[in-house]
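Report on the following structure.
Read-outs: derived from the displayed coordinates by stated rules, not from any lab. The structure presented is a predicted model; accordingly, all values stated were derived computationally and were not measured. Cβ atoms come from the backbone with ideal geometry, glycine included; neighbour counts cover every protein chain shown.
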């Protein structure tokens, strides 16, 4: 697929998102495209790391996280990130890559 001729339109409803979340999503999108299309090893690794940091930041700024900060001392964002990393590590160890193609 020639990315210059074809576009994949992904719509994300912005209702309920903060301005910071919208900016993060835009940054995530451009970083994702860069990481998926680069031919440079350094850019691939840095882009991949930046994607993970952006995901973590989005999780930390999620509505659930912000809401529960006021109601509970449980660090839900940290726990969600730890849980996600545990699952990712298990997936890497078992060498099973999630594939959504039929």
Next on the checklist: Would you confirm, using the coordinates I've provided, whether residue 20 is loosely packed, with under 14 Cβ neighbours inside 10 Å and outside any helix (DSSP H, G or I)?
Outcome noted: no
Checklist entry - In this structure, is residue 12 over 16 Å from the mean Cα position of the chain (by Cα) and free of Cβ contacts under 8 Å to residues at least 40 places away in the same chain? => result no
Checklist entry - Taking the condition surrounded by 15 or more Cβ atoms within 10 Å (Cβ to Cβ) and either in contact with a strand residue (DSSP E or B) (Cβ under 8 Å, 6 or more places away or on another chain) or free of Cβ contacts under 8 Å to residues at least 60 places away in the same chain (or both), does residue 65 pass? => result yes
